[in-house]
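What follows is a single structure, written as structure tokens, with notes after it.
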Ligand code: NAD
Ligand code: DAU
């Protein structure tokens, strides 16, 4: 089996690459990634030594280059992780989000049609459903919840989902879509809440919490997300959407306080800053369908997952210190100065 993994030098894509190489020694994993600020070759260092792994530094919007890879490698399955993924950046500059997340998806699906690929899997997000109110803990996102987006990021992901469903209905492309809640774990880029707070706390820098920190996210350990996608591409039903989530809702402020506690840093580092524009209040996934149909359940409890994650950041300082010493400096300055 030849599997193309796009965005494999990023957070979830790289965890998926390692999951697949470890579990299926007979598969070839072909990674396509153009290495934006979020992609990192040091993340794929071990994979590069594996004879079953091949890397292509290619933009998914580059139709000619993508067709050439498909022509030469004859993939069976394509799993599309490649995306601009940070909500705050989409508020600053939406355009690249539309290019990569929508048009890049179209190029990949055209290649799948042209070369008769057995399965195209779109890695989507719970953000396509918008948000839920804090005072209705009985409400959850199901696969039937209407699409209702808030940010340019979520609008671009929702557009891509609609396009994927259109390619299935119009051209019969064998697709599946997964919509997952917030992931955390190794190789998480330090612009996102959990790794940003760990890195700042370790450097005794302020911990910038948006608004009052009351927004709720449903956190899932990244390995559990990878296992769910593995199940969907092997056993999922073509044309279907699967929600993935851990029933693990937490307020941002509680996460930040927990990180302070584990790192033995004072809560006085916490600084409340101006809220994100259009900030979604609460995400909460109902994962009943993937559990009933494919037997998936999250395996890592948050209390263990957060400790494993903190340990990883302590043991892999070089990985994130290199990242935060580059372009990240000007990003951080722009996003957080005077906020
Ligand atoms: P990430 O930002 O860490 O990684 C994205 C990767 O895609 C990077 O390696 C980057 O270089 C690559 N990339 C970006 N544009 C590209 C292009 N035009 N061509 C080729 N490669 C390109 O993102 P992530 O957090 O790992 O998210 C992966 C996917 O999962 C995204 O589609 C995201 O929408 C989705 N998702 C993420 C989460 C989460 O909590 N992080 C949750 C649900 C869904
Ligand atoms: O739900 C899935 C989504 O989760 C994915 O589709 C996105 O790609 C991924 O980035 C993530 O989006 P969020 O916006 O939820 O994640 P982020 O880590 O940016 O923020 C989590 C929460 O923490 C959110 O309520 C905003 C808040 N926050 C974030 C940062 C970076 C802060 O309070 N301070 C910060 O500095």
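If I go through the range 72-101 residue by residue, how many of them are more than 10 Å from ligand 2 (Cβ to nearest atom), under 17 Å from the mean Cα position of the chain (by Cα) and either farther than 18 Å from residue 161 by Cα or not in a helix (DSSP H, G or I) (or both)?
5
Being loosely packed, with under 15 Cβ neighbours inside 10 Å and on the phi > 0 side of the Ramachandran plot: is that true of residue 64 here?
So residue 64 fails the test.
Could you tell me which of the residues 169, 119, 89, 113 is closer than 23 Å to residue 210 by Cα and modelled with pLDDT of 95 or more?
On the way: 169 fails: closer than 23 Å to residue 210 by Cα; 119 fails: closer than 23 Å to residue 210 by Cα; 113 fails: closer than 23 Å to residue 210 by Cα.
From the options 169, 119, 89, 113, the qualifying one is 89.
Could you list, in sequence order, the residues of the range 28-49 that are outside any helix (DSSP H, G or I), surrounded by fewer than 16 Cβ atoms within 10 Å (Cβ to Cβ) and more than 8 Å from ligand 1 (Cβ to nearest atom)? Walk me through how you get there before you give the answer.
Filtering the range 28-49 for residues outside any helix (DSSP H, G or I) gives 28-40, 49.
Now restrict to residues that are surrounded by fewer than 16 Cβ atoms within 10 Å (Cβ to Cβ): 35, 37, 49.
Result: 49, single match.
Restricting attention to the range 110-128, which residues are more than 14 Å from ligand 1 (Cβ to nearest atom) and crowded, with 24+ Cβ neighbours inside 10 Å? Write out each step before concluding.
The first filter runs over the range 110-128 and keeps only residues more than 14 Å from ligand 1 (Cβ to nearest atom), leaving 110, 112-119.
Within the range 110-128, just 112 meets the criteria.
Considering each of 178, 154 in turn, give the residue that is outside any helix (DSSP H, G or I), within 19 Å of residue 242 (Cα to Cα) and within 16 Å of the chain's Cα centre (by Cα). Show your work before the answer.
On the way: 154 fails: outside any helix (DSSP H, G or I).
Of the residues listed, the single one that is outside any helix (DSSP H, G or I), within 19 Å of residue 242 (Cα to Cα) and within 16 Å of the chain's Cα centre (by Cα) is 178.
Quick one: residue 254 ticks every box in (1) closer than 17 Å to residue 218 by Cα; (2) within 21 Å of the chain's Cα centre (by Cα) except a single one, so which number is it?
Here residue 254 clears every test but (2).
Given the criteria within 29 Å of residue 52 (Cβ to Cβ) and away from ligand 1 (no atom under 16 Å from the Cβ), does residue 76 qualify? Please lay out each step first, then the result.
On the way: within 29 Å of residue 52 (Cβ to Cβ): yes; away from ligand 1 (no atom under 16 Å from the Cβ): yes.
Spelling it out, residue 76 is indeed within 29 Å of residue 52 (Cβ to Cβ) and away from ligand 1 (no atom under 16 Å from the Cβ).
Among (1) touching a strand residue (DSSP E or B) at 6+ places or on another chain (Cβ under 9 Å); (2) over 24 Å from residue 11 (Cα atoms); (3) outside any loop (DSSP other than H, G, I, E, B), where does residue 261 come up short?
Result: residue 261 passes all but (1).
Do you know which of the residues in the range 232-247 that are surrounded by fewer than 18 Cβ atoms within 10 Å (Cβ to Cβ) and in contact (Cβ under 8 Å) with a residue 40 or more places away in the chain is nearest to residue 19 (Cα to Cα)? Please lay out each step first, then the result.
Step one: list which residues in the range 232-247 are surrounded by fewer than 18 Cβ atoms within 10 Å (Cβ to Cβ), which gives 234-235, 237-240, 247.
Narrowing the set further to residues that are in contact (Cβ under 8 Å) with a residue 40 or more places away in the chain leaves 235, 237-240, 247.
Details: 235: 17, 237: 22, 238: 23, 239: 24, 240: 23, 247: 23 Å.
Within the range 232-247, the match that is nearest to residue 19 (Cα to Cα) is 235.
Take the range 297-339 and flag every residue that is within 15 Å of ligand 1 (Cβ to nearest atom), within 25 Å of residue 218 (Cα to Cα) and not in a helix (DSSP H, G or I).
Of everything in the range 297-339, those that are within 15 Å of ligand 1 (Cβ to nearest atom), within 25 Å of residue 218 (Cα to Cα) and not in a helix (DSSP H, G or I) turn out to be 298, 300.
The values are calculated or read from the model by the stated rules, or taken from the named source; none is laboratory data. These figures come from a predicted structure and were not determined experimentally. Note: ideal-geometry Cβ built from the backbone for every residue, glycine included; neighbour counts use all protein chains shown.
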